[in-house]
Amino acid sequence: MNKIKFLIIRFSSIGDIVLTTPVVRNLKQQVENVEVHYLTKPQFKSILEGNPNVDKVHILKKSLKETVNELKYEHFDYIIDLHSNIRTARFKNRLKTISFSFDKLNKEKWMLVNFKKNRLPNIHIVDRYIDTLKVFDVKNDQKGLDYFIPEKDKVDLKSISEDLLTGYVGLVVGAYHNTKKLTKEKIITICKQLNKPIVLLGGPDNKEEGEEIKNAVGNNIYNTCGAFNINQSASLVQQSSVILTPDTGLMHIASAFKKKIISVWGNTVPEFGMYPYMPHPDSEINEIKDLKCRPCSKIGFSQCPKKHFKCINDLDENYIVNKINQLY
């Protein structure tokens, strides 16, 4: 009996890929005789390779034609388009396969950003992703997000410091847009008040900032920014006691591991439907509500358009420190 072959498409970002994992799992476990393939960008392949619910990962090639030719060879029965843009429309047109697409609700997001009128449904994006499978009678199993770390990428904490073996605060330094993340000054203020081991998390772009924070704070803080790949950073998230993070990919990875999360929100808002999905029940969202200029974007900027950056600057460091101590 031939397998029923599905192609799931999502190109970016780390967080978005992680948010699609319930779709993959529920499809794989609830539809009989199914084979699940996933198309994404090369830099996100490692996030999916260890997922037992994904049978094969395809990556975008340099040309559309080259990628389409590879996909045509698979003879897919259905496409689940969770990215839904011009590029995915071109793929669906070339493959001529029955497809189901995710509604990004761009008009509603535009209304919230530009007129502060919230017409978005009060539904998490994960549930809207899963809704694309309703014709196959797939239901949400309510098990949350998945993240599978390959054995080779599991970090031995002793390689950083034995002090971390009894617990630490994972503090995410970076975000793709500056208006999402805590300022360096705010991170330093928070870290100086924490009498606990702290591991700074981020990519190569955050390495220098991480060193500045470490030098300003002194002992008991470890800068891992740029030192580890995404799976290894996920391993550090998994082993942490509590995570302080902006709206970014590591926030969703922390949710997958059911970590205690304090998420801080700058220019974006949870109402977009991408808040931590089924994390540890003691997790908390920290934001400046009723700020007239917020949200100023559905994604973010390199700097605050209003110059005051109140959405981050007005966050109460003492409250955040006390909450970390409480959850730790």
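Please give the FRET efficiency for Asn219 paired with Phe301, using the beta carbon to beta carbon distance and R0 = 35 Å, rounded to the nearest 0.05.
Given R0 = 35 Å and the Cβ-Cβ separation, E is 0.50.
Pop the C-beta distance of Lys56 and Ile123 into the FRET formula with R0 = 22 Å and round what comes out to the nearest 0.05.
0.15
Could you work out which residue, out of Thr248, Thr97, Thr132, moves most in a Gaussian network model of the chain, that is, has the largest mean-square fluctuation with Cα springs under 10 Å?
In this elastic network of the chain, the residue with the biggest mean-square fluctuation among Thr248, Thr97, Thr132 is Thr97.
So, counting K/R as plus one and D/E as minus one, what does the shell of residues with Cβ under 13 Å around Ile312 add up to?
+2
So the label point goes 7 Å from the Cα of Leu291 along Cα→C-beta, right? Which residues of the range 307-324 then have their backbone N under 16 Å from it?
307-320, by backbone N distance to the label point.
Would you mind computing, in nm to one decimal, how far apart the modelled labels at Ser161 and Lys258 are, each placed 7 Å from Cα along Cα→Cβ?
Output for this residue pair reads 2.9 nm.
Quick check for me: using +1 on Lys/Arg Cβ and -1 on Asp/Glu Cβ, what's the dipole size of the range 4-136 about its Cα centre, in debye to the nearest 20?
Using only the charged Cβ atoms, the result is roughly 680 debye.
Kirkwood Rh over Cα pairs of the range 1-83 into Stokes-Einstein at 25 °C, 0.890 mPa s: D in µm²/s?
190
Using the Cβ atoms and a cut-off under 11 Å, what net charge is assigned to the surroundings of Arg294, where Lys and Arg are +1 and Asp and Glu are -1?
Around Arg294, the charge tally is +1.
Going 7 Å from the Cα of Leu64 along its beta-carbon direction, which residues of the range 73-116 have the amide nitrogen within less than 16 Å of the resulting point?
Correct set: 84-97.
All of the numbers you see were taken from the coordinates with simple rules; none came from a lab. Please read all numbers here as calculations on a predicted model, not as lab measurements. Here the Cβ is made from the backbone with ideal geometry for all residues, glycine too, and neighbour counts use every protein chain on show.
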